[in-house]
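Chemist: Got a structure for you, questions after.
Just so it is clear, none of the values below were taken in a lab; they were calculated from the coordinates. Since we're looking at a predicted model, the values are computed, not measured. Neighbour counts run over all protein chains shown; Cβ positions are idealised from the backbone, glycine included.
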Amino acid sequence: MSRFDGARLTCVTFVVVAVCAVAACDPGVSAGNAEGDGQADAVSSGQLPANAPSLFGFGSPASAARVALWDIDVRPDGEGLPSGTGTAAAGKQVYEMYCIACHGPTGNEGPNDRLVGMEPWGDWPGTRGIGNYWPYATTLFDYIRKAMPQNAPGSLTADQTYAVIAYILSLNGLLSADAVLDATTLPAVEMPMRDRFVPDDRVGGPSIR
Amino acid sequence: MSPKEGSGLSRRAWLATTSGVIAAGLLKTQADAVSLVAQEAPVVGQDHTKVPGRFVSELGQRAPGERPRRLPRTQALSSSSRTPLQDLHGIITPADLHFERHHGGVPNIIAEEHELMVHGMVDRPTVFRMADLKRYPQSSRIHFVECSGNGGGVYNRDRMPTDVTPQALDGLLSTSEWSGVMLSTILREVGVRPGASWLLAEGGDSAVMSRSVPLDKAMDDAMLAYGQNGEAIRPEQGYPVRLLLPGWEGNANVKWLRRIEVTDQPTMTREETSRYTDPLKDGTARQFSFVMDAKSIITFPSYPYVLPEPGWWEIKGLAWTGRGRITRVDISTDRGVTWVPAELQVPILSKATVRFRHLWEWDGRETVILSRAVDETGYVQPTIQQLWEARGERTNYHQNHQRAWRIGADGVVTFGLGELL
């Protein structure tokens, strides 16, 4: 694992980099959207008709309770994580009950995605797994809560979700077997590959990237 | 009586009988006459001028002999099916042949129940129903949607196939006229707060597909699309409403859209970290590689077609770029040694497929034909060697290198990139 040591960008730094990157690719992205692309009229180029009101007022206000019901995403800084807690030991039981059929006894055997990636990246990992590719541990919560287990998505409790993530991360050698995860410790898990992700540098024009 | 009614009468016998009835002048009423009209599938060799045709109908059908089909990969919740590019004309993909890529199956959403919540860094968090969205000023535009995994089957030097059709190779590409409300209109309505720079788009399917999208794109040409080729968007394309990000990789065009959260950072979802990122040769991985670079493919002649004889053949195909308009497509009929510009068929629209064609007199000798698209930024569709040089050999997304077809002296057409390595 020593190859993973060294400079690691913090989440905040990465976000800044990513935002700059998108700004940098703007000229290419918006090329052709201006008038004269053959199909933009005033409305489809974002300008409303001259007599449009400043507010149409269609739709109904989303109450705070309503927002809370659907706002289930989790960000790298931990924003969105629910309260709850889980250990890798408890997670092993969750895994064997709800995940093993599709991801295999040790997370390696499938038939669906391998959940363990230990082999070093080199110039490219043969298998892009959690340990050797995923940049953020929080993404596991966001994804599993929304999409897994695939046959019953969204069915795990918060405790079960923390637990199964702790187990998966321990299978990847990133957490010890007695680790406990919650809203504070999950965002703090250091993912070895975080600093390997770079913004898109393709900009059109003659360069091939 | 019709042959369907169990009389055991063959169709020919029935036709003979009914024409006998007509000839004998036994018809009493006009209703008798129209009940004799042929209602069935075509019979080989029939003289259609001698048999009345079918009635009008509520829903049209393809001619029974025309059977374009999508090509499904696997029967699974997370799977794809591809558009039969080689069977299509013009630039529009019939809606029922639009490619599919789902991560949790196709939800059966009832439009009247569907809601889109827009919240986060906005002044007025709002829930929109479809009737609300449809009340806003409407736009219609023709754009392609392409999965960034398109062409992923032909990037590996050691596994370069020869028996691949345009559909199998590049069928994760479709073009539609999309109708809906510009996202900028909706964002204006909810009032985006200063400091916002991204949004999270989330689907109402069982994968709750989630992608972060820069606010610049959202304010530029992004659309909430509820129409496709003149009718309601198909369930497989995101009914009742999807996000359309013209020119950007298909996955970010979130279908069955139910939530938009305006934020000041990307959410770093699984589909923008674990997947849809591009490992490069220097050990880094490119992230948020949204734009689909210029690409083209010859759809005729292509595998498994066999040119029956030398002579005049029209090379036909599609070109497209996520960066605006295609300005030129070059054709080579001599393995990439010399190139000539193809004819581009209008309309040539921004971020839409364009048809190209080139009249070619094949001399009957073995060769490899290629196409190469150029877009308005001056970008030239690269060779696979150029992509390998820039990215390394193992990244599988965004494979937009030049496609090639080998034509044997026997007229047999096969995928020909392996010939050029």
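Chemist: Output the peptides B:289-297, A:155-163, B:209-217 sorted from most to least packed, where packing is the average of other Cβ atoms within 10 Å over each peptide's residues.
Modeler: Per-residue mean Cβ counts within 10 Å order the peptides as B:289-297, B:209-217, A:155-163.
Chemist: How far is it, in nm, from the label point at B:L421 to the one at B:T162 when both lie 7 Å from their Cα along the line to the Cβ?
Modeler: Result for the modelled spin labels: 1.3 nm.
Chemist: With Cβ to Cβ distances under 9 Å as the rule, what net charge do the other residues near A:V74 carry (K, R +1; D, E -1)? Before the final figure, lay out the partial values.
Modeler: Numbers: positive: A:R75, A:R145; negative: A:D73, A:E79, A:D142.
Combined, the nearby Lys, Arg, Asp and Glu give -1.
Chemist: Taking R0 as 35 Å, what's the FRET efficiency between A:D41 and B:L359 from their Cβ-Cβ distance, rounded to 0.05?
Modeler: My answer for the efficiency is 0.45.
Chemist: Could you give me the ³J(HN,Hα) list for region B:363-372, computed from phi with Karplus coefficients 6.51, -1.76, 1.60 and θ = phi - 60°, whole Hz, x at Gly and Pro?
Modeler: Per residue, the Karplus-derived 3J(HN,Hα) values read 8, x, 9, 4, 7, 10, 10, 9, 10, 8 Hz.
Chemist: Any chance you could check the Cα centroid distance between region A:42-107 and region B:323-388 for me, in angstrom?
Modeler: Taking the Cα centre of each part, region A:42-107 and region B:323-388 sit 42 Å apart.
Chemist: Within chain B, which whole H helices from DSSP have a Cα span along their axis of at least 18 Å and a mean Kyte-Doolittle hydropathy of 1.0 or more, if any?
Modeler: Long hydrophobic helices here: none detected.
Chemist: Can you tell me how chain B classifies by the Cα gyration tensor, rounded, prolate or oblate, using a/c under 1.5 as the rounded cut?
Modeler: Working: a/c = 2.39, a/b = 1.25, b/c = 1.91.
Cα axes put chain B in the oblate bin.
Chemist: Roughly how many nanometres apart are two label points built 7 Å out from the Cα toward the Cβ at B:S78 and B:F55?
Modeler: Each label point lies 7 Å from its Cα, and together they span 5.0 nm.
Chemist: Charges only on Cβ, +1 for Lys and Arg, -1 for Asp and Glu: so what's the dipole of region B:310-421 about the Cα centre, in debye to the nearest 20?
Modeler: Charge dipole, region B:310-421, about its Cα centre: 480 debye, nearest 20.
Chemist: Hey, what do the phi angles of region B:241-250 turn into as Karplus ³J(HN,Hα) couplings, whole Hz, using 6.51/-1.76/1.60 and θ = phi - 60°, x for Gly and Pro?
Modeler: Taking θ as phi minus 60°, the curve returns 8, 10, 7, 10, 10, x, x, 9, 3, x Hz for region B:241-250.
Chemist: Post the alpha-carbon centroid distance, region B:201-239 to region B:42-59, in whole angstrom.
Modeler: For region B:201-239 versus region B:42-59, the Cα centre distance is 41 Å.
Chemist: Can you find, among B:T165, B:P382, A:L175, the residue farthest towards the positive end of the dipole of the protein assembly as shown? Put +1 on the C-beta of Lys and Arg, -1 on that of Asp and Glu.
Modeler: Looking along the dipole axis, the top candidate is B:T165.
Chemist: Related question: Count the lysine pairs in the protein assembly as shown whose Cα atoms lie under 26 Å apart, taking only pairs 8 or more positions apart in sequence or on different chains.
Modeler: For the protein assembly as shown, qualifying lysine pairs total 18.
Chemist: Considering amide H positions built from the backbone, and no H for Pro or chain starts, which residues 5 or more places from B:E177, or on another chain, come under 5 Å of its amide H?
Modeler: Close amide H contacts, sequence-distant or interchain: B:N229.
Chemist: Between B:S140 and B:F300, take the C-beta separation as r, use R0 = 35 Å, and let me know the FRET efficiency to the nearest 0.05.
Modeler: 0.75
Chemist: While we're here: Using a Förster distance of 45 angstrom, determine the FRET efficiency expected from the C-beta separation of A:S63 and B:E314, and round it to 0.05. Walk me through the intermediate numbers first.
Modeler: Details: r = 61 Å, r/R0 = 1.35.
About 0.15, to the nearest 0.05.
Chemist: Any chance you could list the semi-axes, whole Å, largest first, of the equivalent ellipsoid that the Cα gyration tensor gives for region B:72-286, using √(5λ)?
Modeler: Details: eigenvalues 171, 91, 44 Å².
Computed over region B:72-286, the values are 29, 21, 15 Å.
Chemist: On to the next question. By how many nm would the segment from B:V337 to B:I92 lengthen if fully extended, with 0.36 nm per residue of separation less the alpha-carbon distance?
Modeler: My answer for the length gained is 85.0 nm.
Chemist: Hey, another quick one. Quick one: 3J(HN,Hα) in Hz for region A:190-204, Karplus 6.51/-1.76/1.60 with θ = phi - 60°, rounded, Gly and Pro as x.
Modeler: 8, 8, x, 9, 3, 7, 7, 7, 10, x, 4, 10, 7, 10, x
Chemist: Another one. Can you give the three extents of the C-alpha atoms in the protein assembly as shown along their principal axes, from longest to shortest, in whole Å?
Modeler: 93, 60, 59
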